[in-house]
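Take a look at the structure set out below.
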């Protein structure tokens with residue numbers, strides 16, 4: 001087997017211990033690994049069996065790290081886990097509150113072993129509060145923050161925005177931000193701390209701009225009638241003649257003028273609007289009907305040929321297969337092929353210390369012997 005290339009990226013000096021979970025915890029660990037951190041994923045043993053390791057593991061969220069398999073319910077497994085923690089800068093766990101404590105790996109124990117450790121906890125409800133002990137998913141977390149209420153069209157139910165807002169933006173990215181922030185503080189204090197990253201907290205923070213608009217009196221609590229929630233005709237998705245879609249975001253008057261000139265909106269829809277009429281919500285429903293009728297007269301790609309490369313703020317709505325091939329994304333290598341799989345590239349980009357996909361996702365326990373040898377242990381502490 002060819003040895004992997006040396007890790008590169010702004011976090012290459014950090015070691016992270018990730019206790020295997022699903023969704024946001026692994027995504028946060030992936031972000032750190034993409035930026036060069038040495039992430040060791042602690043997977044559960046499966047009746048003492050090692051899973052097949054032919055080819056890369058299909059779960060892209062686990063890319064960039066190595067895997068050690070331990071039985072965390074055994075004393076040997078817990079002891080080995082503490083050996084890993086002793087040499088780490090960060091820890092990531094995504095269990096319900098109290099689980100790590102019952103395993104003998106809670107913050108108090110780990111920080112006693114490694115006082116500089118940054119202990120990252122990823123949950124939906126947080127470590128405290130009346131819902132903290134109960135199950136939930138992204139849709140539940142964004143529901144109670146008000147975020148879900150804002151997604152949807154007029155007179156229709158809210159529409160879940162996949163699981164991007166709670167799990168990944170409000171959860172994983174907030175955890176990664178918290179971990180790196182704490183790492184900067186630890187350089188000065190020499191002390192670690194616990195990061196309580198709750199998806200409800202992160203999703204709420206993401207709605208700050210909408211609360212600001214409400215405070216300014218330019219956002220109503222009705223869904224689908226506001227500037228950015230499909231209320232305005234110039235911030236909307238339109239179906240084209242071929243059944244595909246374009247996305248229009250021509251908010252500012254100068255960009256709106258560019259778009260209307262390019263697509264012939266005024267000449268086909270009753271003449272030039274005044275700025276007051278353009279921004280009048282009472283005019284929007286009728287104007288949207290005019291825009292809809294116009295966009296159905298050409299295919300998606302015909303509209304894009306007219307207006308995509310302009311200040312008109314029009315873009316094609318691409319599917320999962322089309323997106324990697326868009327000329328702009330192809331130029332920037334926003335999607336890359338690694339281990340035979342096309343996937344999103346690490347982000348953001350650094351001019352001097354670029355991140356990269358360090359290695360494909362490991363199979364559980366794939367690197368157990370190597371990692372235990374690094375710890376000076378002669379045999380796996382597993383069944």
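A short reminder: the numbers here are calculations on the coordinates, not readings from a lab. Only a predicted model underlies this, so the values are computations on that prediction, with no experimental measurement involved. For neighbour counting, all protein chains shown are included, and Cβ atoms are generated from backbone atoms with ideal geometry for every residue, glycine included.
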Study note, to complete from the structure: So, with points 7 Å from each Cα along the Cβ direction, the residue 193-residue 320 label distance in nm works out to 3.9
Exercise for review: Mind giving me the nanometre distance, one decimal, between the label points for residue 237 and residue 353, set 7 Å out from Cα along Cα→Cβ?
Suggested key: 3.9
Study note, to complete from the structure: On the formula 1/(1 + (r/R0)^6), with r taken between the Cβ atoms of residue 251 and residue 76 and R0 of 45 Å, the FRET efficiency rounded to 0.05 is 0.15
Check your understanding: Taking the alpha-carbon centroid of each part, what is the distance from the stretch 12-33 to the stretch 238-258 in angstrom?
Key -> 39
Check your understanding: So between residue 228 and residue 328, what do we pick up on full extension, going 0.36 nm a residue minus the alpha carbon distance?
Key -> 33.6 nm
Check your understanding: How much length, in nm to one decimal, is gained on full extension between residue 276 and residue 208, taken as 0.36 nm per residue of separation minus their Cα-Cα distance?
Key -> 21.8 nm
Study note, to complete from the structure: If one compares the long axis through the Cα atoms of helix 75-86 with the longest principal axis of the Cα atoms of the chain, the angle in degrees, nearest 10, works out at 70
Check your understanding: When you count, for each residue, the other Cβ atoms within 10 Å and take the mean per peptide, how do 10-16, 289-295, 35-41 rank with the highest first?
Key -> 35-41, 10-16, 289-295
Revision key, fill the gap. Here the gain from full extension of residue 294 to residue 310, 0.36 nm per residue of separation minus their alpha-carbon distance, amounts to 3.9 nm
Exercise for review: Scan (1) 24.9, 81; (2) 22.0, 68; (3) 23.7, 72 for the value of Rg and Dmax of the Cα atoms in Å calculated from this model and give just the label.
Suggested key: (1)
Review point. How far apart, in nm, are two points set 7 Å out from the Cα along the Cα-to-Cβ line at residue 339 and at residue 375?
Key: 2.2
Point to revise | Using a Förster distance of 51 Å, the FRET efficiency for residue 301-residue 218 (Cβ separation, nearest 0.05) | key: 0.90
Check your understanding: Where is the GNM fluctuation largest for the chain (alpha-carbon springs, 10 angstrom cutoff): 219, 320, 303?
Key -> 320
Check your understanding: Between the stretch 310-383 and the stretch 175-217, what is the C-alpha centre distance in whole Å?
Key -> 25
Practice item. Could you tell me what percent of the DSSP beta bridges with both partners in the chain are antiparallel, to the nearest 5? Key: 35
Check your understanding: When the chain is modelled as a GNM with alpha-carbon springs shorter than 10 Å, which of 347, 212, 56 fluctuates the most?
Key -> 212
Revision key, fill the gap. Measuring from the longest principal axis of the C-alpha atoms of the chain, the long axis of helix 173-189 (C-alpha) lies at a number of degrees, nearest 10, equal to 50
